[in-house]
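Participant: Provided herewith is a single structure, encoded as structure tokens, for subsequent inquiry.
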Amino acid sequence: MVLLLIGGGHAHLNILRDIRENKVEYQVTLISASKFQYYSGMFSGYTEGLYSEDDIRIDLEELCEQAGVSFVEDTIVQVDALFRKLIGTSGKTYDFKVVSFDIGSTIKELEGIVIQTKIKPNFSFPMEINEFRKTTFPVVVGGGAAGVEMALSVQAWRYKNDFPPNVKIISSSPILMSISKKANLKIGRIVEQKGIQLYENDRIKEVYTDELVTNSGKRMSSSNVFSLTGPESSRLFEDGSLPTDSKGFLLVKDSLQVETYPWVFGAGDCVTMDSYPTLPKNGVYAVKQGPILWHNINQYLAGKRLKNFKPQRNFISILSVGQRQGLIIYGKHAYYGKWPWWLKHWIDVKFMKKHMKK
């Protein structure tokens, strides 16, 4: 095999689309744990009941077939970068000339706490959220964009389907504080308006069958805990054969290439760029990395000079806050209303249409 693509994240989807339009003369294989890649940008809409499961997922096997790329459903569990071999849970060994990782991240575990619902791996999301949004006392842990958006979407679904609108958010800091102060103030008012119980600057200490206790001593009813506390690295890179940052994410240069093994590339949430160690792990950067990643893989195979990826300083973020309303955030600015949701819907549907049959 010449090129192995591990995972169907944003950057690799860009590669598949390009190959579909411009065939390559060498063998390309995509290995993914599921034949479907679920688009997290539409998870909030699915949760609220605005989209079906087919609306939010990409058929990787079908897209590969269109592109003339081989598809293998397997999970890679071991990497031998020096001898250019990968091993999957199936027991199969995969040889390669060049490999690229775009497998995303997992959710950070809460120390000593058993979490009932998880958003990753993303192909398990529909089943997980279908159960969570019907639970008696739903609790979302995490005050970042993902946690707040999911809590608001579950609350909207419960209003619409005659379930008690009693969603709670527990956050170790003020919600959306890392984005901007203005966004923090606006989302605080939205959360209050939508009837969500918010507990900021607190953490879960203990979880029991029907309640939980926080560090501040608050006791609250809880039948299901959904953790959205931030990204954690894949265990695939734990064996030490590949360089990682202090948190275990694959370390790459600005060219999205591993320095010690130049035939290894990576993009998206599973990597940390050594020149930008604090770069947020979100889909915006993964999408932008896609064309550079594909250019550099081909340049490496041709023995030519690679380009560097330079992340943009600011980007637009749109949160779905329920009932076809959204909050659009750009830099220090934040606007709330129906038009941000419709803009997000248009962007998301346009993205999904790129992966449909031609």
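The values are calculated or read from the model by the stated rules, or taken from the named source; none is laboratory data. Model, not experiment: these values are computed from the prediction. So basically every Cβ, Gly included, is an ideal-geometry build from the backbone, and we count neighbours across all protein chains shown.
Participant: Being in the same structural domain as residue 166 (by TED's automatic domain parsing), in a strand (DSSP E or B), within 21 Å of residue 138 (Cβ to Cβ) and touching a helix residue (DSSP H, G or I) at 6+ places or on another chain (Cβ under 7 Å) is the requirement here; does residue 198 meet it?
Facilitator: Working: in the same structural domain as residue 166 (by TED's automatic domain parsing): yes; in a strand (DSSP E or B): yes; within 21 Å of residue 138 (Cβ to Cβ): yes; touching a helix residue (DSSP H, G or I) at 6+ places or on another chain (Cβ under 7 Å): yes.
Taking the combined requirement at face value, the residue satisfies it.
To keep it simple, each residue is scored yes or no on (1) surrounded by 15 or more Cβ atoms within 10 Å (Cβ to Cβ); (2) at pLDDT 90 or above.
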{"site": "109", "(1), (2)": "no, no"}
{"site": "128", "(1), (2)": "yes, yes"}
{"site": "140", "(1), (2)": "yes, yes"}
{"site": "144", "(1), (2)": "yes, no"}
{"site": "151", "(1), (2)": "yes, yes"}
{"site": "158", "(1), (2)": "yes, yes"}
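Participant: Mind listing whichever residues of segment 317-345 are out of contact with any Leu (no Cβ under 9 Å at 6 or more places or on another chain) and more than 16 Å from residue 44 (Cβ to Cβ)?
Facilitator: Within segment 317-345, 330, 331, 332, 333, 339 meet the criteria.
Participant: Residue check, residue 23 against (1) in contact (Cβ under 8 Å) with a residue 60 or more places away in the chain; (2) in a loop (DSSP other than H, G, I, E, B); (3) of a type outside the set (Asp, Glu), all met but one. Which one?
Facilitator: (1)
Participant: Name every residue in segment 205-239 that is farther than 17 Å from residue 128 by Cβ and of a type in the set (Phe, Trp, Tyr), in order of residue number.
Facilitator: 208, 237
Participant: What residue, of 327, 250, 319, is under 30 Å from residue 203 (Cβ atoms), outside the structural domain of residue 26 (by TED's automatic domain parsing), surrounded by 15 or more Cβ atoms within 10 Å (Cβ to Cβ) and within 18 Å of the chain's Cα centre (by Cα)? Let's see the steps before the verdict.
Facilitator: Numbers: 327 fails: within 18 Å of the chain's Cα centre (by Cα); 250 fails: outside the structural domain of residue 26 (by TED's automatic domain parsing).
None of the others qualify; the one that does is 319.
Participant: Check residue 175 against each of (1) within 25 Å of residue 40 (Cβ to Cβ); (2) of a type outside the set (D, E, K, R); (3) free of Cβ contacts under 8 Å to residues at least 24 places away in the same chain and name the one condition it does not meet.
Facilitator: For residue 175, the exception is condition (3).
Participant: With respect to residue 51, determine if the residue is part of a loop (DSSP other than H, G, I, E, B) and either farther than 18 Å from residue 292 by Cβ or small (Gly, Ala, Ser) (or both).
Facilitator: Numbers: part of a loop (DSSP other than H, G, I, E, B): yes; either farther than 18 Å from residue 292 by Cβ or small (Gly, Ala, Ser) (or both): yes.
In short, yes.
Participant: A follow-up question, please. Determine which single condition residue 225 fails, assuming it passes every other condition in (1) more than 28 Å from residue 344 (Cα to Cα); (2) of a type outside the set (Phe, Trp, Tyr); (3) modelled with pLDDT of 90 or more.
Facilitator: Only one criterion in (1) more than 28 Å from residue 344 (Cα to Cα); (2) of a type outside the set (Phe, Trp, Tyr); (3) modelled with pLDDT of 90 or more is unmet by residue 225, namely (1).
Participant: If residue 230 passes every condition in (1) over 26 Å from residue 318 (Cβ atoms); (2) surrounded by fewer than 17 Cβ atoms within 10 Å (Cβ to Cβ); (3) under 24 Å from the mean Cα position of the chain (by Cα); (4) of a type outside the set (Asp, Glu) but one, which one does it miss?
Facilitator: With (1) over 26 Å from residue 318 (Cβ atoms); (2) surrounded by fewer than 17 Cβ atoms within 10 Å (Cβ to Cβ); (3) under 24 Å from the mean Cα position of the chain (by Cα); (4) of a type outside the set (Asp, Glu) applied to residue 230, the lone miss is (1).
Participant: Would you list the strands (runs of 3 or more DSSP E) that sit entirely within segment 201-268 and hold 3 or more residues that are touching a strand residue (DSSP E or B) at 6+ places or on another chain (Cβ under 7 Å) and under 30 Å from residue 188 (Cβ atoms)?
Facilitator: On the way: elements: 204-207, 211-214, 219-221, 224-227, 250-252, 264-266.
So the answer is 204-207, 211-214, 219-221, 224-227.
Participant: As an exercise: evaluate residue 58 against (1) aliphatic (A, V, I, L, M); (2) outside any strand (DSSP E or B); (3) under 20 Å from the mean Cα position of the chain (by Cα) and give the number of the one condition it does not meet.
Facilitator: Here residue 58 meets the rest and fails (2).
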